[in-house]
Amino acid sequence: MAKHVAVLMGGWSSEREVSLNSGAACAVALEDAGYRVTRVDVGRDVAEVLARLKPDVALNVLHGHPGEDGTIQGVLEILRIPYSHSGVLASALAMDKAQARLMLAAAGVPVAAGRPVSRAEAATAHVMAPPYVLKPVAEGSSVGVFIVREGQAHPPQELHREDWAFGEILLAEEFIPGLELTCGVMGDKALGVIEIEAAQPFYDYESKYAPGGSRHILPARILPEVYERVQMLSLTAHRALGCRGVSRADFRFDVSKGDASGLVCLEVNTQPGMTETSLVPDMAAHAGISFGELVTWMVEDASLDR
């Protein structure tokens, strides 16, 4: 009898649409591979829905809250439904950028100079000398991110908005010029390193998900020793946070340094996108792993107590 997989998608985060696209692609791939698939657009009643469905496995394709922060993982542990990707603690840690950077730095992964700040503080005056980056401490897909340029007189005025929806704590970090690099980890193996060439000066939400918004250059156009260093740091970051299954680490590379000392890790994504324009499927394909094989691997890798 075919294994019954609940594909968890949608949810209510700012990344809902991306998750729906990821989930739809994964569901089709799993059906093509012979699994019995139920698509679950996750709502507040998700525990009741899953208790009723009784799937053999949950493929977690949620992005942001509650799918990437340890919340859905806790529900699945209570229901004893094996699931994909990282467990409760690793998910919660990676989602909180301020906590994650402490763990990464302790493991020897370079991070940019920075600190957590309140929205009120960041909106009132520069919290560090420009150029610097302000980003919500627990959002993904570059949602709510600002680059404060050199010579900018005031912090971003959007921070004063009454309808601000991205939390009251931000991370302020030194802006690192140079290349945008990213590397996926699948189990205990680092995949290839992609250089991202965005159509816009900043690799924002539109660049990530709109067709033509960015170009993925694989392998990245960097020295072999820098390439290998990115792979090693991605594996180190994956292990330092306790990640499982598939993760993806994002980096900036200051080319002017000339060697791997110019690398800085921005964050680790425990629920990388699985859309047609997503990075991890590209890396897997480069390694000879088809999209169907990648999704099947995630389902077969699912477990409890992750």
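Read the figures in this text as sums done on the coordinates, not as results from a lab. Keep in mind it's a predicted model, so treat the numbers as computed, not measured. So basically every Cβ, Gly included, is an ideal-geometry build from the backbone, and we count neighbours across all protein chains shown.
Quick look at the values:
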{"read-out": "FRET efficiency for residue 1 and residue 254, using Cβ-Cβ distance with R0 set to 51 Å, rounded to 0.05", "value": "0.40"}
{"read-out": "Ranking of 236, 38 by count of other Cβ atoms within 10 Å, fewest first", "value": "38, 236"}
{"read-out": "Fluctuation leader among 263, 223, 235 - the chain, Gaussian network, Cα springs under 10 angstrom", "value": "223"}
{"read-out": "Descending principal axes extents, the range 1-111, alpha-carbon based, whole Å", "value": "46, 27, 26"}
{"read-out": "Residue 126 versus residue 99: modelled label distance in nm, points set 7 Å from Cα along the beta carbon direction", "value": "3.2"}
{"read-out": "The chain: DSSP helices with Cα axial extent of at least 18 Å and average Kyte-Doolittle hydropathy no lower than -0.5", "value": "16-32, 224-240"}
{"read-out": "Binned Cα-Cα distance frequencies in the range 114-174 - 10 Å width, integer %", "value": "25, 61, 14"}
{"read-out": "Spin-label model distance (nm) - residue 165 vs residue 89, 7 Å beyond Cα toward Cβ", "value": "3.4"}
{"read-out": "Lysines whose Cα lies under 28 Å from that of residue 54, excluding same-chain neighbours fewer than 8 positions away", "value": "3"}
{"read-out": "Set of lysines near residue 189 by C-alpha distance (under 25 Å), chain-local residues within fewer than 8 positions excluded", "value": "97, 208"}
{"read-out": "Pair residue 304, residue 54: separation of 7 Å Cα→Cβ label points (nm)", "value": "1.5"}
{"read-out": "Selection of trypsin sites (Lys or Arg not before Pro), the range 30-134, meeting DSSP coil and at most 10 other Cβ within 10 Å", "value": "44, 80"}
